[in-house]
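Okay, so here's the structure we're looking at.
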Amino acid sequence: MRFNKQNIRAAAQKQRLPAELIAGVCWIEVAGDPNFIDRVAFIARLIDWSGPSIVDKTLTQTSPPEKTSFGSVSMQLRTAAHTLGLNPADLSLLQLTQLASCLEYDAFNIDIVARHLRQLANQDGFTGEINRDQVRIIGARYNRGSALTLDAIRKNTSYGDFIVSNWNHYSQLLW
């Protein structure tokens, strides 16, 4: 995280979010698979999902390619596409591959994560300065998805709780 503290602070300022929120998501998500594993999974899914739609819907063994996560801060291609205002179902193989490549660059990856976090904050009406209770919600929503109601998110904020409980640690790493 120390190598990317400038990227985290810049993304936080740009999205009007606490840098510790972004750092917390980075801290949690960085523990994922190495990039080459993501590439292998993506290729396997592309092959598995290359048939006619009737075959894809009934005989495939893997998740759709757009559910593959990329980048040091793991983010699914479909989430990145939505964050950029794109429909992942409309993206060509080349466009999905280009998006995956972009997510492998830390500065781009962190920027998209921050944009997504801002969109999640906006979804729940969190404008202005974000407080730690809102961080719990935003963090939980990052982990659990944007489709859940706010009441459903409030029932399990463990992901966001982890970020808040380690706030001082993230502050120290960022400065």
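Table: residues versus (1) of a type in the set (D, E, K, R); (2) within 30 Å of Val164 (Cβ to Cβ); (3) in the same structural domain as Ala140 (by TED's automatic domain parsing); (4) touching a residue at least 12 places away in the same chain (Cβ under 8 Å).
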{"residue": "Ala12", "(1), (2), (3), (4)": "no, yes, yes, yes"}
{"residue": "Gln61", "(1), (2), (3), (4)": "no, no, no, yes"}
{"residue": "Phe70", "(1), (2), (3), (4)": "no, yes, no, yes"}
{"residue": "Gln76", "(1), (2), (3), (4)": "no, yes, no, no"}
{"residue": "Ala81", "(1), (2), (3), (4)": "no, yes, no, yes"}
Within the bounds of the range 16-27, is there any residue that is of a type in the set (D, E, K, R), touching a residue at least 60 places away in the same chain (Cβ under 8 Å) and within 22 Å of Arg141 (Cβ to Cβ)?
yes
Please go through (1) surrounded by 19 or more Cβ atoms within 10 Å (Cβ to Cβ); (2) part of a helix (DSSP H, G or I) for Gln172 and return the number of the only condition it doesn't satisfy.
(1)
Among the residues of the range 140-151, the number that are small (Gly, Ala, Ser) and surrounded by 13 or more Cβ atoms within 10 Å (Cβ to Cβ) is 2
Looking at Asp48, Asp38, can you tell me which residue is at pLDDT below 85, within 24 Å of Ile8 (Cβ to Cβ) and of a type in the set (Asp, Glu)?
Asp38
I want to confirm something. Restricting to the range 126-139 and keeping residues that are free of Cβ contacts under 8 Å to residues at least 40 places away in the same chain and touching a helix residue (DSSP H, G or I) at 6+ places or on another chain (Cβ under 9 Å), which single residue is surrounded by the fewest Cβ atoms within 10 Å (Cβ to Cβ)?
Thr127
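Among what's in the range 97-111 and is among the aliphatic types (A, V, I, L, M) and without any contact (Cβ under 8 Å) to a residue 40 or more places away in the chain, pick the residue that is farthest from Gln134 (Cα to Cα).
Filtering first and then ranking leaves Leu99.
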State the number of residues belonging to the range 66-91 that are buried (at least 21 other Cβ atoms within 10 Å of the Cβ), of a type outside the set (S, T, N, Q) and out of contact with any Pro (no Cβ under 8 Å at 6 or more places or on another chain).
5
Ala41 being in contact (Cβ under 8 Å) with a residue 12 or more places away in the chain and in contact with a Lys or Arg (Cβ under 7 Å, 6 or more places away or on another chain):
no
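Every residue, every condition in (1) surrounded by 14 or more Cβ atoms within 10 Å (Cβ to Cβ); (2) under 20 Å from the mean Cα position of the chain (by Cα); (3) farther than 14 Å from Leu173 by Cα; (4) aromatic (Phe, Trp, Tyr), yes or no:
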residue	(1), (2), (3), (4)
Asn4	yes, yes, no, no
Glu20	yes, yes, no, no
Leu46	yes, no, yes, no
Gly51	no, no, yes, no
Asp56	no, no, yes, no
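The values are calculated or read from the model by the stated rules, or taken from the named source; none is laboratory data. Not measured: the values here are computed from a predicted model. In this analysis, Cβ positions are derived from the backbone assuming ideal geometry, glycine residues included, and neighbour counts consider all displayed protein chains.
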